[in-house]
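S.K.: Have a look at this one.
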């Protein structure tokens, strides 16, 4: 289980680092509930291509997103290093499938940059910031935007269902 303590140093972002291929990403620790090995993922018919299915985590059914697919990266086979990062926002949970998790790090807020507008596309709209940690360039995921997008998708699906009934 990941510690949810406030940032130890004010002015710093505390995050879990993970990787997708050779690229490094980070997620603010305040949204992370836990990190787990990949367990049996049950497919849900009719789910968007980036939703792999659901897992049962101690009695809670949690959707699992292939974050690679959501970011427009090619899918990859699940390996022994693959992990599911369970994030939580406003009482909703979502599992993010990643290639591997490194560890908890900190970066000063003033060392984070917004992605350049010219580089932003619909495929990478979930990148909130970019920072340099040691010799690695890290992309920080905007989990609020991911949850908002999923909420909009669910509302659209529910509206379609209501129309069909």
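S.K.: Can you report the number of residues in the range 124-144 which are surrounded by 15 or more Cβ atoms within 10 Å (Cβ to Cβ), without any contact (Cβ under 8 Å) to a residue 60 or more places away in the chain and within 11 Å of the chain's Cα centre (by Cα)?
M.R.: Of the residues in the range 124-144, 3 are surrounded by 15 or more Cβ atoms within 10 Å (Cβ to Cβ), without any contact (Cβ under 8 Å) to a residue 60 or more places away in the chain and within 11 Å of the chain's Cα centre (by Cα).
S.K.: Another question about this same structure. Looking only at the range 10-26, count how many residues are farther than 17 Å from residue 66 by Cα and under 16 Å from the mean Cα position of the chain (by Cα).
M.R.: 3
S.K.: Report, ordered by the first and then the second residue, all pairs with beta carbons closer than 7 Å, sequence separation of six or more or different chains, a first member in the range 72-95 that is at positive phi and surrounded by fewer than 16 Cβ atoms within 10 Å (Cβ to Cβ), and a second member that is at pLDDT below 95 and not in a loop (DSSP other than H, G, I, E, B).
M.R.: The qualifying pairs are 72/123; 72/124.
S.K.: Something else now. I'd like to check which strands (runs of 3 or more DSSP E) are fully inside the range 15-108 and have at least 1 residues that are under 22 Å from residue 129 (Cβ atoms).
M.R.: Per the criteria, 23-28, 32-37, 60-66, 83-89, 92-98, 100-108.
S.K.: Picking from 28, 21, which residue would you name as being surrounded by fewer than 18 Cβ atoms within 10 Å (Cβ to Cβ) and in contact (Cβ under 8 Å) with a residue 60 or more places away in the chain?
M.R.: Criteria check complete, one pass: 21.
The values are calculated or read from the model by the stated rules, or taken from the named source; none is laboratory data. Nothing here was measured: the structure is a model prediction, and the numbers come from that model. Because the Cβ atoms are built from the backbone with ideal geometry, glycine has one as well, and the counts that use them run over all protein chains shown.
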